[in-house]
Each structure stands twice: as C-alpha cells, then as structure tokens.
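Written out below as structure tokens is the structure these notes cover.
The values are calculated or read from the model by the stated rules, or taken from the named source; none is laboratory data. This is a predicted model, so every value here is computed, not measured. Positions of Cβ are generated from backbone atoms using ideal geometry, with glycine treated the same way; all protein chains shown enter the neighbour counts.
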Amino acid sequence: MKDLFLEGTIETLYMVSLSTIFSLLMGFPLGLLLVLTEKGGIWPKPQFNKVLDGVINVLRSIPFIILMILVFPLSNLIVQKSIGTTATIVPLSIAAAPFVARIMETSIREIDRGVIEMSQSLGSSVGEIIKYILIPEALPSIVSGITLVIINIIGYSAMAGALGGGGLGDIAIRFGLYKSGEKHNMYIALIIIILLVQSVQFIGNRIMFKIDKK
Amino acid sequence: MIKIENLNKVFETGGIKFEAIKDVNLNINDKDIYGIIGLSGAGKSTLIRCLNRLEEPTSGSISIEGVDILSLGKEELRLFRKKIGMIFQDFNLLKQKTVYDNVALPLYLEKMETKKIKEKVDLLLDYVGLKDKKNSYPSELSGGQKQRVAIARAIANDPKVLLSDEATSSLDPQTTVSILELLKRIQGELGITIIMITHQMEVVKQICNKVAIMDGGVVIEENTVENVFNNPKTTLAKSFIGSVNTLAEEEIINPNDFKGKLIRLGYLGESSNNPIVSQMIKNFQIEVNILSGSIDKLQSTSVGHLILELIGEESEIEKSMDFLKQKNVTVEVIE
C-alpha cells in the first residue's frame, strides 16, 4: 500500500516537473512576444500580435479534459503512447503554456514604462532590453507566476488520472470511484496532493521574497 | 551645438489632433546649461524627448554636433543615443539591481570588460558621492541618492549632451540644490552640454546660462538668464520670475494707492555697484520712496529689482527715468 502512494507521488512529480519545464519553454517566449509586438511596444508587429493573442485565448478556453483527448494523436506522435504518465506530459504542457504566456505578459507589463524608455535612451537593442531590463525586473513576479503554474499543473495532472494519466489523481479516482471499501486511500492521495500544493506555494513565496528587492 | 529648426510634433488620438510643439527654433551652444521652462502641458517634455527621438517629431529638423538626427536609421539612432545621456523625474532605476549594476548598465551594453567596468563604476560612484551605497538597492535610497545614481549612469558613456527631464521635480528644495550643484560640476568638469526641462524658475536661476520659456507648444521667450531676469518680456516669464523672488509683492502694490509714479527697476550685477538711485535723487527734483527690492543670485551674475515711487514734476520724473536707462538699468512703469 505504501508503495502505491510512493509510486503515485513520484509519477505526479515526474509529470508536473516535466510539464512545467515544457510549458515554460513554450509559454515564456510567447508571453514575451505578446508584450514586445503590441502596438506601441518595443518591437511593434500589431497584426502578428492580434493573431497570437487570439490563439492564446482559444487555447486557454479549451477545458483540459477535452484538450487531453484532442492531443491524443500528438502524444502518440511524440512519445509513441496516447495514455500513461509520460503521454500526459504532452497535454499538460500544452494546456499550461498559454497560461505561462499570460503570466509572463502580466509580469512584464508591471515594469514601469519609464525604465524601458531609459534603456532605449541608452541605446539598447530589443535583445538587450529583454536581457537587461524585462527579465531581471519582472523576475520576482515571474517566480510567483511560476508557482501558480505548477499548482495549476498539479490540479490538471490529477484530472489526467481520469484518463489513465497515472499519479496521485489516478489513485484518488480509482479508489474513490470504484472501490467502495477502500475510500480512505482516496483521502490519503488527496492529502498528499494538498501537501504538494502547499509546499510549492511555500517554496515559491520564499524564493520570491528572497529575490524581490523592490 | 544643437540646432532645432521649425520643429513640430502633432499627437493624434482618435482623429483628434493635438499640436504639442509648434514651430520651435532653438540654438544651444556647446557647454550651455540650457533651461527650458514652462507650465505642465507646455510641450517642454515632448521637445526634449524629440532630441533623442524617444518621441518622433512630425516635421522640422534637429542637428546635434552636426548630425541630422532625424535622418538616422534605426540602428544609427541606437548608436547615436549612446552619446546622449538622459535623466528623468522618476529616476527610472532598475529596482531589482544594485546601485553598482544600475550605473554599470550602459557599460554592460558596451560589452566592456568586467575589470574596466568595475574601475569606471567605482570612479563614477565616487564622483556622485555614493561610494558606500554600491551594494544597496534603489528601495534603500532617498530620492536625491536615486537621482545621483541615475546621473552616474547617464554620464557613464561619456556623453556630449545630457538631457534632464524634470530631474529635480520630485525632490525637496535642499536635495534639489545638491543635485543642481552636481550637474553644474559635471558640466564644468566634463565640459558637456546640459538641457534642462523644468517648471521651477529656481532651477533655471541656479544653474542655467540660457533659458527658453514655452507655452502652448511655442517658445515665447528665449534669452540669457540674466536678460530674462533683468527684463522679462512676457507675462509668463514675469510670473516665473515672480515665483522665485519677492516680485510677487508687485501684485500687492496697487499704483492707485500711491500719488507718485511707480516704476520697476531691473539691473545686473555691475550696475548694482554704483549708487545710481542716490545720484538720481541728487540730480533731479524728485522724491523717492522704496517700496520693494530684491536681488537674485544667478549662475554668472546677480540681478536686482527695485520698485520705487517717484514723486515730483512729470518732466523731472521723465528725466530721471532717462538717467536710469543711461545707466543700463531697465525701467518699467507700473500702471
């Protein structure tokens, strides 16, 4: 029994950590592009911006459980499987990426317009503005955003359990729904998920307070 | 040398046009500390932002050190901006970076070697008097200290021109004085040209040698600071001067309350060494009553103002006023 939860926790951590990394890799540049290319932005491309904004909104509107089914073929293509823990990383990353993009966008928008003008007055290129101004200045806010992303992915990953995604969600659903005599197992899985979320929030807050010099 | 010719800037929002700058012509000489003063909305900030094209002018021309900056391409402009430092009202420091990193920013952008950056930043911090704040973050500094960091950063690239956009407007009077002293020292020691946007005549009075007064996007008066203080031509100039000295009393003095003629005298440093008023009293058959007086210390000289009541025959009063004019005193009748 102990092994069951250990295995479930490891599966969840595996799914969540890899999905977080992939969603950041996809969402981070998208979020940057959203801010850079807007009208009056540092690298204005208004047409492109509108399309990007639309695509991100559409992706964010799709309920996760449906997205998961929709990307079965893609999961199949990438990991040669459409269900299972590894396969679930594909829809999890895709679901979280637009969320990451929005978080990135909001964090960068918090930066004072004057600071960006200052860097332009120093003759910075777009790349230099990203490197020296946007990312360092938005970092605490980005970290707190990443905390939200991880917690969201933990939630999604539990949902993925319903479609054979493995992990703690899978255990909770299996025992909670199908094995009436062993409901306590569902509660144990639930408690572990709650603890995971709490620790992520705690660590995220600690890092943010440590790096924020504002 | 900075030459601004027929400069216009029109903002257009939702089909409504707003002329922020109208046909501005200015010549700013090397090593000037050139003040541009105006009330808020006068277009002065837009004007200074046109100089490094943070704002794109609608028409006209700007040449800085012989370079026609409006013809520069994107990349040329980016490189040219490195030669023009700029400081702002809100300091615009990187909040997540130390004082050191803030000052080093332009040098990082130049891809200078770390060792050289360190030497230069230490020198700059020493220059602005913040050596001990090297590892502090902006949130730990006072407003004046923040502006010093911003100034160190603005001169890190050894610019020829420094643009100051209301740099002292959010500082208290004492701090303002110390920041102005720093700017003056920089201008003197590094031989750079400073253009100061401000709404405080106090600032112009303290460090500028020339001043342009803007109203509604137009430069309505432009001259050396002495001449403007001595003999302001426009009402706005007078009211700006009034804001820094006791001239405000002039408003309280109502000519109808006096039987004699009220005149306002303005004189520059040299004239104040001669006992002109007493000579006037001796030479002409008039009585003089002093109503108000003040002396303003300017960057290079001092300007005095006197409000006198002249009592006597009209012809004698005319003669005494001519006498004053001969002595290089500006005379204005208050009516």
Quick one: would you say B:K131 is more than 9 Å from every other protein chain (Cβ to nearest Cβ), surrounded by fewer than 22 Cβ atoms within 10 Å (Cβ to Cβ) and closer than 18 Å to A:L122 by Cβ?
-> no
Of the residues B:I48, B:I62, which is in contact with a Cys (Cβ under 9 Å, 6 or more places away or on another chain), buried (at least 19 other Cβ atoms within 10 Å of the Cβ) and in the same structural domain as B:Q200 (by TED's automatic domain parsing)?
-> B:I62
Tell me which residues, restricted to region A:76-126, are touching a residue at least 40 places away in the same chain (Cβ under 8 Å), of a type in the set (D, E, K, R) and under 30 Å from B:F80 (Cβ atoms).
-> A:R109
What are the residue pairs meeting all of these: first residue in region B:164-176, first residue assigned to a loop (DSSP other than H, G, I, E, B), second residue surrounded by 16 or more Cβ atoms within 10 Å (Cβ to Cβ) and of a type in the set (A, V, I, L, M, F, W, C), Cβ atoms under 7 Å, and 6 or more apart or on different chains?
-> B:E166/B:I197; B:A167/B:I87; B:A167/B:F88; B:A167/B:I179; B:T168/B:I179; B:T168/B:L180; B:T168/B:V203; B:L171/B:I179
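Of everything in region B:61-75 that's within 13 Å of another protein chain (Cβ to nearest Cβ) and over 18 Å from A:I129 (Cβ atoms), which residue is farthest from the chain's Cα centre (by Cα)?
Selected residue: B:L72.
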Those residues of region A:75-87 that are among the aliphatic types (A, V, I, L, M), surrounded by fewer than 18 Cβ atoms within 10 Å (Cβ to Cβ) and part of a helix (DSSP H, G or I) come to a total of 3
Among (1) farther than 27 Å from B:E189 by Cα; (2) out of contact with any helix residue (DSSP H, G or I) (no Cβ under 7 Å at 6 or more places or on another chain); (3) surrounded by 14 or more Cβ atoms within 10 Å (Cβ to Cβ), which single condition is B:I21 missing?
-> (2)
B:G188 fails exactly one of (1) away from chain A (no Cβ under 12 Å); (2) surrounded by fewer than 20 Cβ atoms within 10 Å (Cβ to Cβ); (3) touching a helix residue (DSSP H, G or I) at 6+ places or on another chain (Cβ under 8 Å), namely (3)
Could you tell me whether any residue of region B:170-184 is touching a helix residue (DSSP H, G or I) at 6+ places or on another chain (Cβ under 6 Å), within 14 Å of chain A (Cβ to nearest Cβ) and of a type outside the set (G, A, S)?
-> no
Selected residue (criterion: farthest from the other protein chains (Cβ to nearest Cβ)) from residues of region A:88-136 that are outside any helix (DSSP H, G or I) and buried (at least 19 other Cβ atoms within 10 Å of the Cβ) = A:I111
